[in-house]
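First comes the structure, then the notes that go with it.
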Amino acid sequence: MPEPYYRYHVFFCVNQRPPGEACCANHGSPAMRDYAKQRVKALGLSGQGGARVNTAGCLDRCELGPTIVIYPEGVWYSYVDKEDIDEIIGEHLMHGRIVERLRI
C-alpha cells in the first residue's frame, strides 16, 4: 500500500448556523483556519508528506466550541485563540504529540 500523500489532514469547522444557534463560525473559525494554513506553510509543514489544512462544513460538535479534527488519528480539538492553534501545530503536527488540554 502506498504512503499517504499527506501525513496529516486538519479539518476546521467553519459552519455558520442560523442566528441564536451555536456554531464554530461565531467563534471566528474561518480566520483561525486561515491563520493555521499560513502557519503550516510558513513552517514548511505543508505539501506532500506534511499537513493539509482544510475547510469542513458542520462537524456537529458545535456545543463544544470551535472544533477541528486531525486525521489519520481522528483527534478532536477545541481552541480559543492563535496560541492554541500554535500549540496544536507545534505539538501534534510537528512532533506527533496530542495536546490533551485542548482535546475533546
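The values are calculated or read from the model by the stated rules, or taken from the named source; none is laboratory data. Not measured: the values here are computed from a predicted model. So basically every Cβ, Gly included, is an ideal-geometry build from the backbone, and we count neighbours across all protein chains shown. Heads up: the accessible areas ignore ligands, DNA and RNA and are worked out on the full protein's heavy atoms, side chains in. Shrake-Rupley method; radii C 1.70, N 1.55, O 1.52, S 1.80 Å.
Quick notes on this structure:
- Remark on the chain: CYS23, CYS58, CYS62 stand apart, with no other cysteine beta carbon under 4.7 Å.
- Of CYS58, CYS24, CYS13, the one that fluctuates the most in a GNM where the chain has Cα springs shorter than 10 Å: CYS58
- The alpha-carbon atoms of the chain define a convex hull whose volume equals 93 cubic angstrom per residue.
- CD proxy at 222 nm, helix term only [per DSSP H run n ≥ 4: -39500 (n - 2.57); per residue of the chain; nearest 500]: -6000 deg cm²/dmol
- Per-residue ³J(HN,Hα) for segment 62-68, Karplus 6.51 cos²θ - 1.76 cosθ + 1.60, θ = phi - 60°, Hz, x for Gly and Pro: 4, 5, 9, x, x, 10, 9
- The angle separating the long axis of helix 29-42 from the principal Cα axis of greatest extent in the chain is about 20 degrees.
- Candidates per chymotrypsin sites (Phe, Trp or Tyr not before Pro) in segment 1-42, loop by DSSP, up to 14 other Cβ within 10 Å: TYR5
- Linear extension gain, GLU21 paired with GLN38, 0.36 nm per residue minus alpha-carbon span: 3.2 nm
- In the context of the full protein assembly, HIS95 retains an accessible surface of approximately 110 Å², using a probe radius of 1.4 Å and ignoring ligands and nucleic acids.
- Per residue, the solvent-accessible area of the chain (1.4 Å probe, heavy atoms of protein chains only, all protein chains present) comes to 57 Å².
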